[in-house]
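Visitor: Below is one structure. I have some questions about it.
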Ligand code: NAP
């Protein structure tokens, strides 16, 4: 077994808690079992809730300077251990090492940014009648539960826990069973900073059981979830009885529009970066590419040459651009979408197959793929792909492309390349999405709001709005007698 030198137990009330039941963690590039992590029971989840509840008053009451020093210390250690954490992430999740390291460093940035922002979480005073003072103050919500996916095993945790802790809340995290090791490595950092006992807790085990306990608990005041839309809807329903505050960051189906006057080179460069990062397993990855009919051939030729130059391989190898997919079933879904599309008239421009020869034979590798002549009769037009497939659709007018781009229940990220400012306005105004990248694909920064509309969920992460998701507003009317 690869020696990763990382804990495999749960972390509850400042202690590492083991269990006799274990589950395997597998390297998607090699099929090797790399660790066995603890499977907790209902009692462990209850203990974590009580630990977080007990720790809340003291953590909330700390001087901001003291609380935020912990966060800066966490950021320091994330930076110091970035190489080690990146290697763990690549081995459990598959993404190229350089992407993994950037993700760890972006987590450090989240902790720093929220530590700074929390010190400026100013309330308001409101004009009041004589002898009264009207004020609004922001208070932490209390115990926060966080459930995170496998595609960003570190970043999805740090972007939730940094604002939650900065605002004065205590936390229970349940990471994905596919990638718990990055979470465990982050909790080793929390332990090293000597955060007060119970401020952060990590539980593992049956996601259904843990989700049910966390949502049913009146002591858990907020649930922040990133994952698929169906599970998000289940958690939404389960949270109704306790009227829990919720943030739901769910699936996406991003359109990527290349207009007639677009800078084609910049569009191709942006598309490659956004689509093949993490092998397309990204909620904001472009999923449908709309190319204006006047530039489609030029765009497609350049795209094809760049896609064929991508190096598929083990993320630990320096030259790798595209790693494996997380699981076997991810490959099955992609294959089904490709067969459905080609049966209905789509044309395979490049790729389209699983890689099965050595050194790919033990892992979940798939060729970077382009499909041309995609249309609304095909599943891929409506389903999130979560893999390295670029479906290309041709359009004529701006109105037509806006209508096609919005023809989905999802509403997370969207992208467009156009030079004319009127067209830019029509597109950014007409796209029903939480985020628009206009001639740009970087839409995720600590200081800018990240989140969706429609079935992509609600709530924002990052930015001043992200911090506000972890507080409640209290209005106080004081009469001076
Ligand atoms: P998923 O199946 O919904 O799982 C996400 C998390 O929920 C995991 O921790 C999973 O645990 C847990 N979970 C599964 N069933 C549960 C249940 N019944 N109750 C409580 N928790 C449950 O999603 P995924 O396949 O890991 O991630 C891919 C999806 O996430 C895609 O749709 C993607 O678009 C979305 N995503 C969205 C964003 C965003 O910011 N909007 C970012 C990244 C990903 P186990 O893995 O242990 O079962």
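Visitor: Residue by residue through region 447-465, note down the ones that are touching a residue at least 60 places away in the same chain (Cβ under 8 Å) and either loosely packed, with under 15 Cβ neighbours inside 10 Å or farther than 17 Å from residue 244 by Cα (or both).
Guide: Just the residues of region 447-465 that are touching a residue at least 60 places away in the same chain (Cβ under 8 Å), to begin with: 447, 450-452, 455-462, 464.
Within region 447-465, 447, 450, 451, 452, 455, 456, 461, 462, 464 meet the criteria.
Visitor: Test residue 209 against the stated conditions and say whether it is part of a helix (DSSP H, G or I) and more than 11 Å from the ligand (Cβ to nearest atom).
Guide: Values: part of a helix (DSSP H, G or I): yes; more than 11 Å from the ligand (Cβ to nearest atom): no.
Judged against the criteria, residue 209 is not a match.
Visitor: Taking residue 140, is it under 20 Å from the mean Cα position of the chain (by Cα) and not assigned by TED's automatic domain parsing to the domain that holds residue 282? Reasoning before the result, please.
Guide: Values: under 20 Å from the mean Cα position of the chain (by Cα): no; not assigned by TED's automatic domain parsing to the domain that holds residue 282: yes.
No, not satisfied.
Visitor: Looking at residue 297, is it in contact with a helix residue (DSSP H, G or I) (Cβ under 8 Å, 6 or more places away or on another chain), farther than 17 Å from residue 436 by Cα and at pLDDT 95 or above?
Guide: Numbers: in contact with a helix residue (DSSP H, G or I) (Cβ under 8 Å, 6 or more places away or on another chain): no; farther than 17 Å from residue 436 by Cα: yes; at pLDDT 95 or above: yes.
No: the conditions fail for residue 297.
Visitor: Counting only residues that are closer than 21 Å to residue 386 by Cα and part of a strand (DSSP E or B), which one in region 215-243 is nearest to the ligand (Cβ to nearest atom)?
Guide: 226
Visitor: Next up: Given the conditions (1) farther than 29 Å from residue 404 by Cα; (2) out of contact with any strand residue (DSSP E or B) (no Cβ under 8 Å at 6 or more places or on another chain), and given that residue 339 satisfies all but one, which numbered condition is not satisfied?
Guide: (1)
Visitor: A further question on this structure: Consider residue 37 carefully, then state whether it is in contact (Cβ under 8 Å) with a residue 12 or more places away in the chain, surrounded by fewer than 20 Cβ atoms within 10 Å (Cβ to Cβ) and not in a helix (DSSP H, G or I). Steps first, please.
Guide: Values: in contact (Cβ under 8 Å) with a residue 12 or more places away in the chain: yes; surrounded by fewer than 20 Cβ atoms within 10 Å (Cβ to Cβ): no; not in a helix (DSSP H, G or I): yes.
Considered against the rule, which asks whether it is in contact (Cβ under 8 Å) with a residue 12 or more places away in the chain, surrounded by fewer than 20 Cβ atoms within 10 Å (Cβ to Cβ) and not in a helix (DSSP H, G or I), residue 37 comes out as no.
Visitor: Another one. Looking at region 217-236, I want the residues that are farther than 22 Å from residue 284 by Cα and have a partner that is within 6 Å of the ligand (Cβ to nearest atom) with Cβ atoms under 6 Å, at least 6 apart or on another chain. Which pairs are those?
Guide: Every condition considered, no pair remains.
Visitor: With under 25 Å from residue 381 (Cβ atoms) and in a strand (DSSP E or B) as the only criterion, which of 262, 291 stands out? Can you show your working first?
Guide: Details: 262 fails: in a strand (DSSP E or B).
Testing whether each residue is under 25 Å from residue 381 (Cβ atoms) and in a strand (DSSP E or B) leaves just 291.
Visitor: Checking the conditions here, which among 84, 63 is closer than 22 Å to residue 150 by Cα and not assigned by TED's automatic domain parsing to the domain that holds residue 326?
Guide: Values: 63 fails: closer than 22 Å to residue 150 by Cα.
Unique residue meeting the criteria: 84.
Visitor: Can you give me the number of residues within region 129-184 that are farther than 19 Å from residue 465 by Cα, surrounded by fewer than 20 Cβ atoms within 10 Å (Cβ to Cβ) and more than 10 Å from the ligand (Cβ to nearest atom)?
Guide: 7
Visitor: Would you check which residues across region 437-481 are within 12 Å of the ligand (Cβ to nearest atom), in contact with a helix residue (DSSP H, G or I) (Cβ under 6 Å, 6 or more places away or on another chain) and in a helix (DSSP H, G or I) and list them?
Guide: Residues satisfying the conditions are 455, 466.
Visitor: Could you say which residue among 228, 212, 207, 217 is under 28 Å from residue 252 (Cβ atoms) and either in contact with a strand residue (DSSP E or B) (Cβ under 8 Å, 6 or more places away or on another chain) or crowded, with 18+ Cβ neighbours inside 10 Å (or both)? Don't jump to the end; show me each part of the working.
Guide: On the way: 228 fails: either in contact with a strand residue (DSSP E or B) (Cβ under 8 Å, 6 or more places away or on another chain) or crowded, with 18+ Cβ neighbours inside 10 Å (or both); 212 fails: either in contact with a strand residue (DSSP E or B) (Cβ under 8 Å, 6 or more places away or on another chain) or crowded, with 18+ Cβ neighbours inside 10 Å (or both); 217 fails: under 28 Å from residue 252 (Cβ atoms).
When all the criteria are applied, what remains is 207.
Visitor: Can you confirm whether residue 392 is touching a residue at least 12 places away in the same chain (Cβ under 8 Å), more than 16 Å from the ligand (Cβ to nearest atom), buried (at least 23 other Cβ atoms within 10 Å of the Cβ) and not in a loop (DSSP other than H, G, I, E, B)? Steps first, answer last, please.
Guide: On the way: touching a residue at least 12 places away in the same chain (Cβ under 8 Å): yes; more than 16 Å from the ligand (Cβ to nearest atom): yes; buried (at least 23 other Cβ atoms within 10 Å of the Cβ): no; not in a loop (DSSP other than H, G, I, E, B): yes.
So residue 392 does not fit the description; no.
Visitor: A follow-up question, please. Which condition number in (1) within 16 Å of the ligand (Cβ to nearest atom); (2) assigned to a helix (DSSP H, G or I) is the one that residue 246 fails?
Guide: (2)
Visitor: Follow-up. Anything in region 401-426 that is more than 25 Å from the chain's Cα centre (by Cα) and within 25 Å of residue 463 (Cβ to Cβ)? List them, or say none. Let's see the steps before the verdict.
Guide: Going through region 401-426, the residues more than 25 Å from the chain's Cα centre (by Cα) turn out to be 401-404, 418-426.
Within region 401-426, 424, 425 qualify.
The values are calculated or read from the model by the stated rules, or taken from the named source; none is laboratory data. What you are looking at is a predicted structure, and each value in this text was computed from that prediction instead of being measured. Don't worry about glycine lacking a Cβ; one is built from the backbone with ideal geometry, like all the others, and counts go over all protein chains shown.
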